[in-house]
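See below for the structure under consideration.
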Amino acid sequence: MIQKLGKTFWPGILFGIILAAVLCAGPAVGADKPNWKELKGAHFIVYFTGEESFARDVLNSAERYYTRIAGELGYARYQDFWTWEKRCKIYVYADHDSFLKSTGGAEWSHGMAEYNTKTIYSYAWHEGFLDSLLPHEIAHLIFRDFIGFKGEVPLWLDEGVAQWEEEAKRPQMKAMIKELYNNEGLLLINDMMKLDIGRLKTKEGVHVRAALTKDGSPGVVFLSSDNLVNTYYLQSVSMVGFLIEKFGGESFTNFCRELRDGESLEQALKSAYTTITTIAEFEKRWKEYLDQL
Ligand SMILES: [Zn+2]
């Protein structure tokens, strides 16, 4: 079975997904130059130079997201140490220009998160900041705090968690994955695990990959680099959503703990989800979940 996906297939939402996805690993930046004012909450300190009302919205939203995300990932019991001097810092620059100048980010970058210092940098843009960038980056930081840097954490899991926690986008993401699934335009999970997404972004031409078909028969999908990356990110969030919605936060915590402690992906799945013992089983169960969407 052959599917062709043209560029026009993709609604605008994916731009948001990719945008959020590519800005995650930030360089070390000098955040001490502007004359920062600050607002302190239980788990966050917001530094800002412009409107205080926007900074207050940022702080209130961040505190709300923290509680929700830690709860949904099942980390709430383990995650009570973002307090006092360990609070997460959020720098809100006055505008895009001053953000770019200070962080040295690329023109398309609207924010970044630094794992090691637990800091988020962005600027006072209203659209997308509170609903999208903030929960995305907080989810990355909470996830990384729990899972650490030693185990092998696949990119789909890291980005899947961060996108899943952009809660407002879930209905759209589900509709899009369902459409791709119905059109047999998704990738096999095993194939997806081997993709080096970082290298893809600059590649021209069409990629021919094995397609995930509904009945399991062999299929092929033709994708531009952009669409392959988009498909990868969309599958990532759906696979994470499946694990969390079907089995809950406690099993997800167990799964992450196994990875953190150095288990392979398959072994971690097996330990946390007794009914999923192989990648093939993971794919089968995920497809059943997609059938029910
Ligand atoms: Zn991300």
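Placing +1 on the Cβ of every Lys and Arg and -1 on the Cβ of every Asp and Glu, with nothing else charged, gives segment 17-156 a dipole about its Cα centre of roughly 460 debye. Evaluated with a Cβ-only charge set (Lys, Arg +1; Asp, Glu -1), segment 133-224 carries a dipole of roughly 180 debye about its Cα centre, given to the nearest 20. Taking all protein chains as shown and a probe of 1.4 angstrom, GLU38 keeps an accessible surface of around 90 Å². Farthest toward the positive end of the dipole of segment 24-182, out of PHE129, ASN116, TYR93, is the Cα of ASN116, where the dipole comes from beta carbon charges about the Cα centre. Our estimate of slack between SER53 and VAL206, defined as 0.36 nm per intervening residue step minus the Cα-Cα distance, is 50.3 nm. Restricted to Cα atoms, the chain shows a radius of gyration and a Dmax of 19.4, 61 angstrom. Normalised by the number of residues in the chain, the average gap of Cα pairs under 8 Å and 6 or more apart makes the relative contact order 20 percent. ASP191 contributes an accessible area of around 30 Å² to the protein surface, as traced by a 1.4 Å probe with all chains present.
Its relative contact order, with pairs defined as Cα atoms under 8 Å and 6+ residues apart, puts segment 90-169 at 29 percent. With helices as the sole contributors, the chain gives -15500 deg cm²/dmol at 222 nm; each DSSP H run of n ≥ 4 counts as -39500 (n - 2.57), and the sum is divided by every residue.
Contact order, relative form, for segment 17-156: 29 percent (alpha carbon pairs under 8 Å, 6 or more residues apart, mean separation divided by residue count).
The values are calculated or read from the model by the stated rules, or taken from the named source; none is laboratory data. Keep in mind the model is a prediction, meaning the values are calculated, not measured. FYI the Cβ positions are ideal-geometry reconstructions off the backbone, even for glycines, and counts take in every protein chain you see. In case anyone asks, the SASA skips ligands and DNA or RNA and just uses the protein heavy atoms, side chains included. Shrake-Rupley method; radii C 1.70, N 1.55, O 1.52, S 1.80 Å.
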